[in-house]
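Single-structure report; data block below.
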Amino acid sequence: MKISLDNGFYELAYNQERYENLQFIRLDTICDKTYVTLKNVLTGAMLTFEQEKINWIKKKTKLPFFKKPKLNLVAEEQLHSLY
């Protein structure tokens with residue numbers, strides 16, 4: 001599997017396990033094997049995967065903990081209302 005990564009956020013499947021909220025750190029080649037190192041941004045854990053054993057990898061456009069809060073723009077009392 002050819003992997004092209006940048007500093008976005010990723011999720012991947014490796015050995016029948018799914019990993020999420022990963023940020024690319026580096027790509028290493030040792031003895032003709034390529035390893036991908038990613039960091040879990042929630043736990044801080046550094047994870048290294050053998051490239052050929054990665055089932056799939058995809059880039060996430062949004063992370064669940066970066067959602068914008070919903071604002072209620074209607075005043076609770078008439079005193080604070082703009083109308």
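The values are calculated or read from the model by the stated rules, or taken from the named source; none is laboratory data. What you see is a predicted model; the values in this text were computed from it and never measured. Heads up, the Cβs are rebuilt from the backbone with ideal geometry, glycines too, and the neighbour counts pull from every protein chain shown. Quick note on the areas: whole protein, heavy atoms, side chains included, nothing else; ligands and nucleic acids left out. Shrake-Rupley method; radii C 1.70, N 1.55, O 1.52, S 1.80 Å.
The residues Thr61, Thr34, Thr43, sorted by heavy-atom accessible surface at 1.4 Å with ligands and nucleic acids left out, run Thr61, Thr43, Thr34 from largest to smallest.
In sequence order, the stretch 19-26 has phi-based couplings of 10, 10, 6, 9, 10, 5, 10, 6 Hz under the Karplus curve 6.51 cos²θ - 1.76 cosθ + 1.60, θ = phi - 60°, and Gly or Pro positions carry x. Once both labels are positioned 7 Å from their Cα atoms along Cα-to-Cβ, the gap between Thr29 and Ala45 label points is 3.0 nm. Computed from phi, the 3J(HN,Hα) profile of the stretch 40-55 under the Karplus parametrisation 6.51, -1.76, 1.60 (θ = phi - 60°) reads 6, 6, 8, 9, x, 6, 8, 10, 10, 10, 6, 4, 5, 9, 6, 6 Hz, with x in place of Gly and Pro.
Look at the alpha carbon pairs under 8 Å that are at least 6 residues apart: their mean separation over the length of the stretch 16-55 gives a relative contact order of 33 percent. Annotation: amide H-H contacts under 5 Å for Thr34 (H modelled 1.01 Å from N, sequence separation of 5 or more, or interchain): Gln51, Glu52. Of the chymotrypsin sites (Phe, Trp or Tyr not before Pro) in the stretch 34-64, not one is in a loop by DSSP (not H, G, I, E or B) with at most 10 other beta carbons within 10 Å.
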